[in-house]
């Protein structure tokens, strides 16, 4: 295909109707320009000079036919990845082991540094995570009675 001749200043583009038809069909400025061997600026300038021309915004461009193909490809790739990934294996024993390890590490820290300063929502949260009142008293320097009050105050939250 031969390249179109360069335009003189003020000369209307003879390909304007073809550009408009292809743009309405869903092609972008760049695709139209590549098809005719032009710079995409010339296509954009030609189309913007047409009366009544409205350029698509990004949300409209995402709904074009070639976008649907990409969406289908992405969905298929996601499905294939989900089949390859192992299913999550959450077991209560693994959770208990993790909590036990965290409590041991916190006890070691308390022995070396001292008890942690916390507020009542934190006391309630660690109790719901599995710490006993004795653990809370040891780790946070909070009496069991005070810890029980904090837990009761935040029980409904």
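Each reported figure results from applying straightforward, stated rules to the coordinates on display, with no laboratory input. Every value quoted in this text rests on a predicted model; they were computed, and no experiment measured them. Cβ: placed from backbone, ideal geometry, glycine included. Neighbour counts: every protein chain shown.
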Would you order 126, 43, 54 from fewest to most other beta-carbon atoms within 10 Å of each residue's own beta-carbon? 54, 126, 43
Sorting 128, 16 on the 10 Å Cβ count, fewest up front, what's the list? 128, 16
Between the range 27-57 and the range 72-125, what is the C-alpha centre distance in whole Å? 53 Å
Modelled FRET efficiency - R0 25 Å, residue 25 with residue 48, Cβ distances, 0.05 increments: 0.90
Theoretical FRET efficiency, 1/(1+(r/R0)^6), r = Cβ-Cβ of residue 111 and residue 87, R0 41 Å, to 0.05: 0.55
Cut-off 16 Å (backbone N to label point 7 Å along Cα→Cβ of residue 55), residues of the range 16-33: 20, 23-24, 27-33
Could you list 36, 23 so that the one with the fewest beta carbons within 10 Å of its beta carbon is first and the one with the most is last? 36, 23
